[in-house]
Amino acid sequence: MKAELRVNGEPRAIEADGDTPLLWVLRDHLRMTGTKFGCGIGQCGACTAHINGVATRSCLVPFASTIGTSIKTIEGLSRNGTQTLQRAWLEDNLPQCGCCQAGMLMAAAALLHQHDRPTDEQINSSITNICGCGTYPRLRAAIHKAAARMHAEQNPIALSISIGRWGAILKPFRRRKRRDTPRRLPYEYPVRPVEPSWWPARCVRSCHPAGAVWNCAR
């Protein structure tokens with residue numbers, strides 16, 4: 001049968017038997033070999049891909065049942081391995097033989113999509129992939145590290161400064177979530193003298209919760 005699949009955000013024309021497992025459609029027809037073959041019975045998780053955002057063992061899913069769905073493979077996380085989870089994986093030396101890691105990453109990505117700060121219990125119950133090298137402690141640590149970074153990226157640091165009589169060491173602060181409250185006056189941080197050659201300044205929190213204001217003048 002001929003059909004069109006949406007893989008990693010792009011439409012791809014496929015001609016294959018309807019009962020062909022999605023795993024082999026990805027590997028043999030689309031040449032996306034990042035998704036690995038492990039056991040073939042849906043137990044090891046090496047073939048994990050996302051179907052409509054849900055981590056799925058692709059060796060058990062017939063090609064015909066994926067028509068009209070959105071599929072993401074390990075290639076869809078990032079083109080050059082710079083996705084937050086992938087960087088945490090490398091920094092913690094998590095990959096050993098590497099056979100299971102693509103599936104592990106896809107399962108972890110699906111978990112973080114559901115829980116931005118997962119607990120150890122949520123990780124243990126959601127990541128059921130098998131790792132023959134036994135890297136489960138590093139796996140949990142890498143997921144926690146990636147979750148913390150993703151949380152920080154979604155809550156960027158905002159700075160606001162204005163020039164005053166005295167100098168100050170500028171300290172960044174975390175921007176709080178916007179609240180439906182009346183307009184607030186700025187909060188000024190304590191100031192102390194700095195080097196004479198520096199411009200005197202004081203650090204002031206913006207009264208606009210969603211923005212950063214730079215007001216610099218001699």
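Using 0.36 nm per residue of separation minus the Cα-Cα distance, give me the extension gain between SER65 and ALA148 in nm, one decimal.
So the chain would gain 26.3 nm between SER65 and ALA148.
Largest first and in whole Å, give the semi-axes of region 81-125's equivalent ellipsoid, each being the square root of 5 times a Cα gyration tensor eigenvalue.
18, 12, 10
For every other residue with a beta carbon closer than 13 angstrom to the beta carbon of THR84, add +1 if it is Lys or Arg and -1 if Asp or Glu, then tell me the sum.
Computed value for this residue: -1.
Take the eigenvalues of the Cα gyration tensor for region 84-154, scale each by 5, and report the square roots as semi-axes in whole Å, largest first.
Taking √(5λ) for each eigenvalue gives 18, 13, 10 Å, largest first.
Find the Cα radius of gyration of region 2-74, compare it with 2.2 N^0.38 Å by division, and give the number to two decimals.
0.96
In Å³ and rounded to a whole number, note down the convex hull volume per residue for the Cα atoms of region 30-112.
99
To make sure I understand, if each residue's beta carbon is the centre and we count other beta carbons within 10 Å, what order do MET104, MET1 fall in, fewest to most?
Ordered by Cβ neighbours within 10 Å, fewest first: MET1, MET104.
Under a 5 Å amide H to amide H cut-off, with H placed in plane at 1.01 Å, what residues pair with MET32 once short-range neighbours are removed?
HN-HN under 5 Å from MET32: ARG27.
Which trypsin sites (Lys or Arg not before Pro) from region 32-104 combine a DSSP loop assignment with at most 10 other Cβ atoms within 10 Å?
Sites meeting the loop and neighbour criteria: ARG79.
What is the pair-distance distribution P(r) of region 1-139, computed from all Cα-Cα distances in 10 Å bins starting at 0, with each bin given as a whole percent?
12, 44, 33, 10, 1
Could I have the simple spin-label model distance between SER125 and ARG87, label points 7 Å from Cα toward Cβ, reported in nm to one decimal?
It is 3.1 nm.
All of the numbers you see were taken from the coordinates with simple rules; none came from a lab. Everything numeric in this text was worked out from a predicted model, so none of it was measured. Neighbour counts run over all protein chains shown; Cβ positions are idealised from the backbone, glycine included.
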